[in-house]
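Down below is the structure, laid out as structure tokens.
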């Protein structure tokens, strides 16, 4: 595979380890830093084999493709930007993997999902968009997360993101300018 032109992020582990994913330069598009992704996927290691994953604000697709690289059964990428969607499709083809790519807003997509649709959900929206609380509320209300499933949440490190009612932290940390963690619904 030729080295991508423009911005790119590399897959850290698994069968696609070292492969680079190209993505367009778009305002607000900032892939999860390598250090945060490495910590996240070390945490997720026991949950990934055979998991059904949702990369809800897909952007570069780094989280969903990393999950596929590490044994997830499938991944659905949801994105609104046409240039970013085209890059996701190109990366899917370059990796030769099965991945569903949906052109939709996050909340609109969640409104079409039934109970227990996903085992792992990645939430990394543009920080300034203020979408995390509404998204987590929709996931819980529609019971989209499978029992014992996990939601990855990424936010700006400055200011503490507080989980909405009905959620609890499983693990969380910080890396550079981002705060991140895994959350579960309160039983």
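Assorted remarks:
- Residue within the range 128-147 that is more than 17 Å from residue 66 (Cβ to Cβ), in a strand (DSSP E or B), touching a strand residue (DSSP E or B) at 6+ places or on another chain (Cβ under 7 Å) and touching a residue at least 60 places away in the same chain (Cβ under 8 Å) present: yes
- Verdict on residue 16 being modelled with pLDDT of 95 or more and farther than 19 Å from residue 182 by Cα: yes
- Residues being under 16 Å from the mean Cα position of the chain (by Cα) and surrounded by 17 or more Cβ atoms within 10 Å (Cβ to Cβ) - total across the range 88-101: 5
- Scanning the range 131-153 turns up no residue that is at pLDDT below 90, at positive phi and more than 15 Å from the chain's Cα centre (by Cα).
- Of the candidates 115, 164, 82, 187, the single residue that is out of contact with any strand residue (DSSP E or B) (no Cβ under 6 Å at 6 or more places or on another chain) and closer than 17 Å to residue 59 by Cβ is 82.
- Of the listed requirements (1) surrounded by fewer than 16 Cβ atoms within 10 Å (Cβ to Cβ); (2) not in a loop (DSSP other than H, G, I, E, B), residue 182 misses just one: (1).
- Looking only at the range 63-105, and only at residues there that are under 18 Å from residue 117 (Cα atoms) and part of a loop (DSSP other than H, G, I, E, B), the one that is modelled with the lowest pLDDT: 98
- Total residues in the range 106-115 satisfying the condition of being touching a helix residue (DSSP H, G or I) at 6+ places or on another chain (Cβ under 8 Å) and either in a loop (DSSP other than H, G, I, E, B) or surrounded by fewer than 19 Cβ atoms within 10 Å (Cβ to Cβ) (or both): the figure is 2.
- Residues in the range 148-176 that are over 29 Å from residue 115 (Cβ atoms) and either without any contact (Cβ under 8 Å) to a residue 12 or more places away in the chain or exposed (fewer than 13 other Cβ atoms within 10 Å of the Cβ) (or both): 156, 158, 159, 160, 176.
- Filter result (without any contact (Cβ under 8 Å) to a residue 24 or more places away in the chain, more than 28 Å from residue 107 (Cα to Cα) and in a loop (DSSP other than H, G, I, E, B)) within the range 11-62: 18, 46
The values are calculated or read from the model by the stated rules, or taken from the named source; none is laboratory data. What you see is a predicted model, and the numbers here were worked out from it, not measured in a lab. Cβ sites come from the backbone with ideal geometry, for glycine too, and all protein chains shown count toward neighbours.
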